[in-house]
Structures are given as C-alpha cells and as structure tokens.
Amino acid sequence: MLGQRLRLARKKAGLSMQQLADHLSPSVSVQAISKYESGMMMPRSAVLMGLGKTLGVSLDFLMGGQVEALHCIEFRKHSRTSAKDLALVEAMVTEQLEDYLTIEDILEIASPSDLFGELRCDQVTSFEEVDIQAQALRDDWHLGYVPIPSMAGLLERKGIKVIEADFPEHCDGLACSVKRTGGKPDTEAILISGRTNIEHKRFNLAYDLARRVIRGTDNRDIKIEKAMHRFASAFLVPAEGLREEVGGVCQKISYCELIRLKRFYGISAAGMLIRLRDVGILSEGTVGYAFRTYARPWRTNEPEPIAKDEGLGAFEKPLRFERLVWRAVGDELIAPVRAAQLLKRPLNEVEISIRGGRWTEK
C-alpha cells in the first residue's frame, strides 16, 4: 500500500527518485526510495514524515487503509493534460476517498447494494432505446418528469461518492470504481472540477451516470460516446416534461425562451437546442441553422451562464461528506481537531461552527 501511494505522490509532484532523495530530510538514498516503492522496505517514522512534507501529502494518504486501488478510471481531460496533471488528480482523489470512507466506517454506514441491477443495459441499438433507458432510471428513482434540483445530491443519495476539487486547468474530473481493502464492498466515485460551470457540471455528472447504465452499442452508426451524451440529455431533460413545458412542436424558439428552459433544467443552451431537436419540438433544419449562425459560439462560450449562487446553481454541490463529519462530531465519535483535518479547515473555525459564533465560555 505505501509503495503504491509513494509512487503516485512522487509522480504528482513531478519528481524523479533522485530528485526526491535530493529534497528529502532526513536524507535517504535513491536505492532506499526504490525499495520503499517496491514494498521491499518500510521507512522509519522520521523519514515517513519527511516524505509526506516533501511530497505535499498527508500521512493518512501514504498509510491509508481504505482504498486498495482505483479501477476503470475515466478522466475528463483535454489534449493538453499532462501525465503529471493526471497523477495529481488521481492522488487528490485517493486522498479524499480515504477520508470519505473513513468517516463512513466511523459512523458504521454500509456501502449500498447494486444501484442499477436490471436497469443496466449491455447494448443499445437506437437513440430511442437510450431515451427509454434514461426514463426507466428516472422512474425507478421516482423522479417523474420534473427538473433535478441537484445532480450531485441525487448521486450522493444513491451511494455514489461525489467529490468536488480544484483540479488542474486541463482536467474536468474523473469517474472510477474503488476497490477497498479488507474485502469490503467496492464503491463508485465521481470527481468534478470546481472550475467547471454549473451547466457542464450537471451534464458531466449525468454522463458519468450513463457510463454505469449503458455498457455498449449494437449499432455501428451509434458510437458509445454519442449514446452517453443522449442518455445524459434525456436524464436531465425528460421528453414528456419538456413537451409539456414548451407546449408542442415549434417552428422556431426565441432566445429568451431558450435561456429560460436552459435555466429551468440546468443544461447548456447548446444542449437544450439539441434536446429540443431530439424530442421533435424543433426541426433538424431549424437547429442546424442555429448552430451555423447565432448559436455557433455556444459550444465554447455559454450564454448567460447559471451563477453558483442562483437557481439550480445554489444546489449543485456535493454536501454529504461534510454532513457526515458534522454528524460524527455531534455524536462525539471524532474530536474537533480530527474534524478540522478531514474538512481541511482551521481548528478555530470548526470550533466556532460547533458551538455557534455568539457563544463564549465564561
């Protein structure tokens, strides 16, 4: 375990074994670091603390006992994302999952059973079938046809670990399966970047959900990525609800109505145009003309983006981990100093949150 974590932390820091040895205090040889990473030797406590300090990771990360490995890692990255960036994201994910799973263990919260069961689909043959799968999941989760207030909150309630962090500029996040130590059941995790706008954050979460429901396509004209995009749109904007909201087939749609719809459902303006076409409210020609003219810049620049403190943006954030920490403090299962470590906040701030800002001891 230590060897894997040490190697990951070193890659995150962008250091060779020699560079790590040169910066480490107390000093050790390159050969010793190689043996640490291969599991042939354990560092003494002073060296372990030095490794954590030099690499910028906690001892909980280096010696963690919750996460054995991350599997099926799928990054949302750009072409300019470096190997160092990917290692940094993986290290950040592992460290935060260690904390998340630790607090669940303290509270004796068991991992959920299979979230999707028979709703999983090995192959889809048409986009219509993708829509059916998306609505079937909404029905199973009793979501009806209304907008989803918080995708992060919904996935958290269903047992998926959702973590938001400030990832490197060219990485929007990742999704993975988490293999746990000690034979504990595996779990699922989705990591999102705090820099991503609300519309794309919600779509990314719905896209990652699609990955867990649809495994492939049986139609050469439908690539799996397009099927995932269609599922995400259908899950966020159910066809029946959209038809009722708009009122039927339209020759065209005004800008103000399009912006209202995108804010109502929490999806990008470009995504809303595509969804209006997919459900038959707007014609192929109307939407094609929009993307050749006024909507052309929308694929890269979101018009009138939803602010983080308004509308659906005020709800679109993962909160479960923090709530679990406060619950453990309230039940006196962890001390305030441990809560401060888990929440990565100053101890005095945590203590004020526990007792209330106006209360002072006499």
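Each value in this text was obtained by applying a stated rule to the coordinates, not by laboratory testing. The structure displayed is predicted, hence computed values, not measured ones. Cβ placement follows ideal geometry from the backbone for every residue including glycine, while neighbour counts extend to all protein chains displayed.
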Efficiency of FRET between ASP122 and HIS142 - r from beta-carbon atoms, R0 30 angstrom, step 0.05 = 0.75
inquiry  = Could you work out [θ]222 nm for the chain from helices alone, using -39500 (n - 2.57) per DSSP H run of at least four and dividing by all its residues? Round to the nearest 500 deg cm²/dmol.
reply    = -15000 deg cm²/dmol
remark   = log10 I(q)/I(0) for segment 1-64, Debye formula on C-alpha points only (no solvent), q = 0.18 Å⁻¹, two decimals, reads -0.51
query = If you take the beta carbon distance between SER58 and ARG215 as r and set R0 to 51 Å, what does 1/(1 + (r/R0)^6) give as a FRET efficiency, to the nearest 0.05?
reply = 0.90
ask   = Hey, if you put +1 on the Cβ of every Lys and Arg and -1 on every Asp and Glu Cβ in the chain, which of SER233, LEU101, MET49 ends up farthest toward the positive end of that dipole?
value = MET49
message = Assuming 0.36 nm per residue, please report the length gained on full extension of the stretch LYS344 to TRP326 beyond their Cα-Cα distance.
response = 5.2 nm
ask   = Using a basic spin-label model with each label point 7 Å from the Cα along Cα→Cβ, how many nm lie between GLN4 and LYS179?
value = 0.6
Unit charges on C-beta of K, R, D, E only; dipole of segment 1-64, Debye = 100
inquiry  = Could you give the length gained by full extension between CYS256 and SER27, i.e. 0.36 nm per residue of separation minus their alpha carbon distance, to one decimal place?
reply    = 76.0 nm
task = Using only Cα atoms, find the angle between the long axis of helix 269-278 and the longest principal axis of the chain, and express it within 0 to 90 degrees, rounded to the nearest 10.
result = 50
remark   = FRET efficiency (GLN19, ALA335; Cβ distance; R0 51 Å; to 0.05) is 0.85
query = For the chain, what size does the Cα cloud have along each of its three principal axes, sorted from largest down, in whole Å?
reply = 73, 59, 40
message = Less than 26 Å apart at the alpha-carbon level, and either on another chain or at least 8 residues along: which lysines does that give for LYS53?
response = LYS11, LYS12, LYS35, LYS84, LYS344
message = Give me, ordered by chain and number, the residues 5 or more places off THR217 or on other chains with an amide H under 5 Å from its own placed amide H.
response = VAL124
task = Enumerate the amide H contacts of LYS77 below 5 Å, restricted to partners 5 or more residues apart or on another chain; note that Pro and chain-start residues carry no placed amide H.
result = ASP172
message = With just the Cα atoms defining each centre, how far is segment 294-362 from segment 228-263? Give it in Å.
response = 32
